[in-house]
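Have a look at the structure below before the remarks.
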Amino acid sequence: MAGARMSIDADGGLHWQCADRDADKLSLVDHIWQGLLHEGLAPRSGDGFNLHLDTSCFFHANGTGRVKLGLGSSAALTVALASALATFAGQGEATAERTRWLRRLFRMHGTWQGGRGSGVDVAAGVAGGLIAYRLTGQDPQPSFVPLGWPMAGVHCLFIWSGQAVSTANYLLHLAEWRQSHRAEYALHMQELGALAEAAAEALQQERAAAFVELAAVYATALRNFGVACGLEIFSPAQQRFADIAADAGVSYKPCGAGGDFGVVFSEDADRLVSIRQHIIDADMHDMPLKSDTQGFTCAIHLTSDCS
């Protein structure tokens with residue numbers, strides 16, 4: 001949508017001046033604004049401004065229209081918009097210490113999601129590059145450690161299933177299952193957490209073979225978790241491709257809550273070249289994703305009217 005107007009009252013409150021159906025589509029924007037206002041970081045009434053939001057890169061165009069990619073668009077928008085608005089309000093120093101800023105954004109995005117979601121996609125937008133992400137404590141607090149990538153001896157390939165997946169529905173189902181299966185949930189999380197820690201350690205120590213193997217073991221544990229909780233983390237197409245990948249001697253695991261993306265790891269770059277035909281045969285797509293090592297950046301460009 002385009003052309004929605006808003007006003008800011010004397011207390012910093014945001015008021016949409018558009019149809020309710022259009023305002024509903026901007027619920028995340030409204031939520032971010034309210035979060036910034038609570039933190040004392042929102043712009044105040046005064047000079048107007050134009051706000052342009054573009055998430056088109058999170059969609060894939062095909063013959064029938066556009067399909068949403070499961071790359072964390074709401075988290076990316078949260079990071080970009082909140083950081084830009086805080087900077088515009090003269091509160092740019094709040095974004096300087098990235099772990100502290102992440103924790104503020106984690107609360108904003110988390111409450112919008114109803115308290116569900118790990119926040120790892122928010123952390124990815126804040127930090128950029130490859131990170132080891134942790135959510136710890138009684139009142140969970142996120143933190144991250146930057147990791148080096150690419151890793152010597154490890155090659156990767158990103159794959160998209162071609163289907164859009166509703167992360168919100170997945171997270172809701174998981175939250176309901178967790179409530180009634182607390183002990184089983186804890187056991188699965190303990191196993192997955194231990195494997196993730198081991199993979200991060202292998203990466204830091206540049207043990208390529210161990211990292212690739214751990215990715216495969218993690219995928220098996222993830223598949224078992226999906227079966228236990230009733231989530232289709234491995235779609236039928238992904239399951240077929242996972243079997244092909246195993247036969248080809250490479251590791252494959254889905255990514256994210258919906259599992260519409262996956263990643264293949266191999267010590268041998270030639271194996272990734274040869275497996276591309278199998279990707280097509282499985283009705284999936286090779287996606288040339290690249291790592292952005294910088295994370296978010298904010299800049300104010302001043303212009304003058306020289307009439």
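A few points about this structure:
- Bridging of K25 to lysines at a Cα separation below 24 Å is possible for K68, once same-chain residues fewer than 8 apart are set aside.
- Full extension of the chain between W16 and A4 gives 3.6 nm of extra length, using 0.36 nm per residue less the Cα-Cα distance.
- Additional length obtainable on full extension of the chain from H285 to L135, 0.36 nm per residue less Cα span: 50.8 nm
- For the chain, the convex hull spanned by the alpha carbon atoms encloses 179 Å³ per residue.
- With all protein chains kept in place, the per residue accessible area of region 167-307 amounts to 58 square angstrom at a probe of 1.4 angstrom.
- Rounded percent of accessible protein surface that carbon and sulfur make up, region 150-235, 1.4 Å probe: 55
- For region 233-274, the equivalent ellipsoid built from the Cα gyration tensor has semi-axes of 19, 11, 7 Å, listed from largest to smallest.
- Percent carbon-and-sulfur accessible area, region 4-140, ignoring ligands, DNA and RNA, probe 1.4 Å: 49
- Debye-sum result for region 71-198 in log10 I(q)/I(0), which assumes one identical scatterer on each alpha carbon, at q = 0.09, 0.15 Å⁻¹: -0.32, -0.89
- The helix-only estimate of mean residue ellipticity at 222 nm for the chain, built from DSSP H runs of length n ≥ 4 each weighted as -39500 (n - 2.57), is -15000 deg cm²/dmol after division by the residue total.
- Cα-centre dipole for the chain with unit charges at Cβ (Lys and Arg positive, Asp and Glu negative), debye to 20: 280
- Between A152 and A246, the contour length at 0.36 nm per residue exceeds the Cα-Cα span by 31.7 nm.
- Which of N50, L28, A202, positive extreme of dipole for the chain (C-beta unit charges): L28
- From the alpha carbon centroid of region 51-117 to that of region 129-153 is 18 Å.
- Rg and Dmax of region 166-210, Cα atoms only, in Å: 14.8, 40
- Of F265, N169, G114, farthest towards positive along the dipole that unit charges on Lys, Arg, Asp, Glu beta carbons give the chain: G114
- Rh (Kirkwood; distinct C-alpha pairs) - region 28-130, Å: 14.5
- Accessible area per residue for region 57-147 is 48 Å², calculated with a 1.4 Å probe on protein heavy atoms, without ligands, DNA or RNA.
The values are calculated or read from the model by the stated rules, or taken from the named source; none is laboratory data. Worth saying up front: this structure is predicted, and the values here are computed from it rather than measured. Note that we place each Cβ from the backbone using ideal geometry, even for glycine, and neighbour counts take in every protein chain shown. Areas reflect the complete protein model, heavy atoms only, side chains present, ligands, DNA and RNA absent. Shrake-Rupley method; radii C 1.70, N 1.55, O 1.52, S 1.80 Å.
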